[in-house]
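Here is the structure we will look at, set down as structure tokens.
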Amino acid sequence: MLNADPSSDLIVRDSTGKLLSFFSVVPTTNLLDDDDIPEFEPYEDAAVKPRSHPQGALSVQDVDMCQQVNKPKHYTDSYHIDQLVTRRGQEFVMRVTFNRPVTPDDDFHIEFRIATSCFVAAGSSPSSNKGSLITVVFGPNSCSTHSSSGSCGSWSGQTVETVGNTVTLGITPRPDAIVGKFRTYVSVSGAYTNRDTRTDLYLLFNAWCSEDSVFVPNASERNEYVLNDIGVMYQGTAGAVANRSWMFGQFERGILDACIYILDTSLMPISDRGNITKVIRKGSAMINAQDDQGVLVGNWSDDFGQETPPTSWTGSTSILQKYANSGVPVCYAQCWVFAGVFNTFLRCLGIPARVITNFSSAHDNTGNLKTDLIFKQDGTPDRRHTRDSIWNYHCWNEVFMYRQDLPGKFSGWQVVDSTPQETSDGYYRCGPASVAAIKDGEVSYPFDCGFVFAEVNSDVVSYKRDRYGNLSPFSVDKTLIGQLIYTKSISSGAPMDITYSYKNPQDSPEDQNAMALAESFGLLRDHSEVPDVPLIVTIHGDQCVMCEDVNLTVEIQNNGDVPKTVVAQLSAAVINYTGYPGPDFKTDIIEVTVPAQQTQRVDVKTAAVEYMPHLINQPFLYFTLSGQADGQILTARKVVTILTPPLTLTLHSQPRLHQQSFVTVSFTNMLSCTLHDVSLTIDGPQVMSVKTHTFEPIAPQASISWTEILQPRGHGPRCIVAVLNSSNLTQMWGYNEFTVLP
């Protein structure tokens, strides 16, 4: 026999009534419809006896959630949603109209229930002691103007105004309340109002509330890191930083429900959804689909089949909508896509967040502070035995939060990363790891501080591998990794250098202390004794526009007392931004004698016709020099960014709020090849929905254009971005920033 009691616990007994098992059913679904509560539900431990009144018993005629009043005060008027969206720890008002004026003797209460439908058959109703059932009582049974409902879920209420039959009530959720979608009911003497979706209430984290764990003191930072739905991704290399727009779109229709759906899909208990750390860690795991059927499938190859290449996305909106509608992970993503979608998830739920780019980012597979690069005896890279990698760049996120589990100085910005690199407590996720703790070398603190510390501080150690597999170090570079860390500036698309938020100046006393402390916690550094070498080789070159020749200069400096004859080869390949090169498509031989205490320079040109056939999804060329001189191994590396042709976006007129205008996207193929399977996507949050159009092959010198309607629903600074992809070339894009007039 199966019994279920009102506390949502599952009790199993045999036919004689003997207790066989007892376990708690944990509600994990917020959005699905469950059975409505009965229209009449008597108060517990009290006989229901409505008070007499000359005009009869009190009953509810209408409930108004006062969206026009509440949304601007809660900074939620941009959400494209029919229900009220509020932030916890801050009062919102609602108006209840009764059949007659309310007297001091009348009892009524407001009840907020968070939907928990997945175990309805087992009696999983909302619970007051878990914060999913909130009751705010008004009338003689209330405590003055306040009421509490369970130690976990008490909200306060007050009567703001009474005009005739209408009462305006002020309700203030706790600053640690559950975040999600609540249903609103009004009860008079045990009689409940019917289910009305118009009175549903979304409750978010609140960066404006000093008692909330995500409080941000600075107003401009709140506007940027919570309310801005347009971002910039920094890519390329430390010496040639590129950028592209990314549309976060956290206010677009369906996105808030999609973010709640992600938590539902993860089976995260409803009662945990007020805890910022748990929400962040669950979100970090769910944005990737590596082990939990999450949002995005990662793919770092050049084969995307019939699915969407990572370079084709304009922003997060279409990804989250597709996932919520299908329940199937979306293909494909790389680190900036994971970071962009995670940023949308965080900001949509009210969590202050930003995207970070770490240039020359170490991915160490051995859990220490050494990035090991293996070379053969002739100085050429031994890619078969090299397991560690150096990414040209890697994108992750930061969230701003108070860490109750750490000393106070480690609150503030925290690293979170949803790109599936390594597991954390059994799932592919990372963080929150305190940026301040990373800078100080305090890597023993949760979560994943050591992994992030290595990403920005690792030593690059080059080894020569002999015929027997023995490794001997010949070079150590302590400056390459984490040499530049960027995020978007506040109210500007310009980059903000936050490198010294993560690390101290190289070899400063503070840097030495942080490195020593990190090593004391088990992150081993390199202590190899490498010989002083007379020859130093460097490759110089700038980024170039596609179809232009690449010009490099190889500089060889001889610090010795005798001349040195150098014989080396300079190889060229296309490289993935994660540091994995393809096969060499060209090799140049360099032979030069460098006099003592002098420098020789050799210019090398790679023609466009040599590299163009190899560029499809990766706009990076990787040049490696390897050779020897009197027994000294010579190595040098250079990544050159190839800039793709831009798109042009032209506005036909100044956009105005709620009025139609037009934008035209145009592109002329200045390349020497025909582009096939062409698709063009346009995106502009609060201006237009994401739209995609396909085109016939675009021959050299041919042009295309596409005109779309804009109808802004918000005024102020806005942006439209367009991305063009083809089967033989990707990453062509453009944008237009403008202001929507009221």
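Taking a probe of 1.4 angstrom, what is the accessible area of LYS605 in Å², to the nearest 10?
Using a 1.4 Å probe on the heavy atoms, I get roughly 120 Å².
If you roll a 1.4 Å probe over the chain with all protein chains in place, what percent of the accessible area is carbon or sulfur? Intermediate results must be reported in sequence, preceding the final value.
Numbers: 14930 of 30700 Å².
Heavy-atom surface of the chain belonging to carbon and sulfur, 1.4 Å probe: 49 percent.
Between 0 and 90 degrees, rounded to the nearest ten: what's the tilt of helix 276-286 against the longest Cα principal axis of the chain?
Value to nearest ten degrees: 60.
To the nearest whole percent, what portion of all C-alpha pairs in the stretch 128-258 is separated by more than 19 angstrom? Walk me through the numbers before you get to the answer.
Details: 5631 of 8515 pairs.
Above the 19 Å cut-off, the stretch 128-258 has 66 percent of its Cα pairs.
Send over the per residue convex hull volume for the stretch 201-291, Cα only, as a whole number of Å³.
On the way: hull volume 14.1 nm³, N = 91.
Per-residue hull volume (Cα only) is 155 Å³.
For the ranges 204-211, 662-669, what's the packing order if you count other beta-carbon atoms within 10 Å of each residue, average per peptide, and put the highest first? Could the numbers behind the result be given before it?
Working: 204-211: 20.8, 662-669: 18.5.
Highest to lowest by the protection proxy: 204-211, 662-669.
To the nearest 0.05, what FRET efficiency results for ASP466 and VAL567 with a Förster distance of 25 Å applied to their C-beta separation? Mind showing how you got there, number by number?
Numbers: r = 20 Å, r/R0 = 0.82.
That gives a FRET efficiency of 0.75.
Using Rg and Dmax of the Cα atoms in Å as the read-out, say which of (1) 30.5, 113; (2) 44.3, 155; (3) 29.0, 104 was calculated from these coordinates.
After the calculation, the listed value that fits is (1).
Extension gain GLN404-GLN68, at 0.36 nm per residue separation less the Cα-Cα distance, in nm? Walk me through the numbers before you get to the answer.
Numbers: separation 336, 0.36 × 336 = 120.96 nm, distance 3.55 nm.
Result: 117.4 nm gained on full extension.
With every protein chain in place, what's the accessible area of ASP82 (1.4 Å probe, Å², nearest 10)?
Counting only protein heavy atoms, ASP82 exposes about 100 Å² to solvent.
May I ask you to order 708-718, 420-430 by the average number of other C-beta atoms within 10 Å around their residues, highest value first?
On the way: 708-718: 16.3, 420-430: 19.1.
By packing density, highest mean first, the sequence is 420-430, 708-718.
Reachable lysines from LYS322, Cα under 19 Å, same-chain residues fewer than 8 places away excluded?
LYS691
Roughly speaking, what is the stretch gain from GLU510 to GLN557, that is 0.36 nm per residue apart minus the C-alpha to C-alpha distance, in nm to one decimal? Walk me through the numbers before you get to the answer.
Working: separation 47, 0.36 × 47 = 16.92 nm, distance 3.21 nm.
Contour length minus the Cα-Cα distance gives 13.7 nm.
Counting heavy atoms of the protein chains only and a 1.4 Å probe, report the per residue accessible area for the chain as a whole number of Å². Don't skip to the answer; put the middle values down first.
Working: 30700 Å² over 742 residues.
Accessible area per residue: 41 Å².
Below 8 Å between Cα atoms, with a sequence gap of 6+, how large is the relative contact order for the chain in percent?
Numbers: 1879 pairs, mean separation 67.2, N = 742.
Relative contact order here is 9 percent.
Name the residues whose placed amide hydrogens come within less than 5 Å of the amide hydrogen of TYR577, ignoring near sequence neighbours (fewer than 5 apart) on the same chain.
none
Modelling each spin label as a point 7 Å along the Cα-to-Cβ direction, I'd like the ASP497/GLN659 distance in nm, to one decimal.
4.4
If R₀ is 25 angstrom, what is the calculated FRET efficiency for the pair GLU211 and LEU31, using the beta carbon separation as r and rounding to 0.05? Walk me through the intermediate numbers first.
Values: r = 27 Å, r/R0 = 1.10.
It comes to 0.35.
As a test of reading the structure, rank ARG253, ARG637 by solvent-accessible area (1.4 Å probe, protein chains only), most first. Numbers along the way, then the final one.
Details: ARG253 115, ARG637 90 Å².
Largest accessible area first, the residues go ARG253, ARG637.
Could you derive backbone 3J(HN,Hα) for the stretch 310-320 from the dihedral phi with the Karplus parameters 6.51, -1.76 and 1.60 (θ = phi - 60°), listing whole Hz in sequence and x where the residue is Gly or Pro?
My calculation for the stretch 310-320 gives x, 6, 7, 6, 9, x, 8, 4, 5, 5, 5 Hz in order.
Local charge sum around ALA258 (other residues, Cβ-Cβ under 14 Å, Lys/Arg +1, Asp/Glu -1)?
Values: positive: LYS181, ARG253, LYS322, ARG347; negative: GLU252, ASP257, ASP264.
Local charge sum for ALA258: +1.
Mind giving me the FRET efficiency for VAL476 and THR380? R0 is 22 Å, r the Cβ-Cβ distance, nearest 0.05 is fine. Kindly include the intermediate steps, with their values, before the conclusion.
On the way: r = 20 Å, r/R0 = 0.89.
Taking R0 as 22 Å, the efficiency between VAL476 and THR380 is 0.65.
Amide H of LEU710: which non-local residues (sequence gap of 5 or more, or other chain) have their own amide H closer than 5 Å, using H built in the peptide plane?
SER661, PHE662, VAL663
With the dipole of the chain worked out from charges on the C-beta (+1 for Lys and Arg, -1 for Asp and Glu) around the Cα centre, which of ALA568, THR641, SER127 lies farthest toward the positive end?
Selected residue: SER127.
Run down the aspartates and glutamates and flag those whose C-alpha is under 16 Å from the C-alpha of LYS488, throwing out any fewer than 8 positions away in its chain.
GLU221, GLU224, ASP229, GLU398, ASP497, GLU737
Projecting each Cα onto the charge dipole of the chain (Lys/Arg +1, Asp/Glu -1 at the beta carbon, about the Cα centre), which of MET286, TRP155, GLN659 comes out farthest on the positive side?
Value computed over the given set: GLN659.
The values are calculated or read from the model by the stated rules, or taken from the named source; none is laboratory data. Keep in mind that this is a model prediction, so the values were computed, not measured. Because the Cβ atoms are built from the backbone with ideal geometry, glycine has one as well, and the counts that use them run over all protein chains shown. Keep in mind that these areas ignore ligands, DNA and RNA; they rest on the heavy atoms of the full protein, side chains included. Shrake-Rupley method; radii C 1.70, N 1.55, O 1.52, S 1.80 Å.
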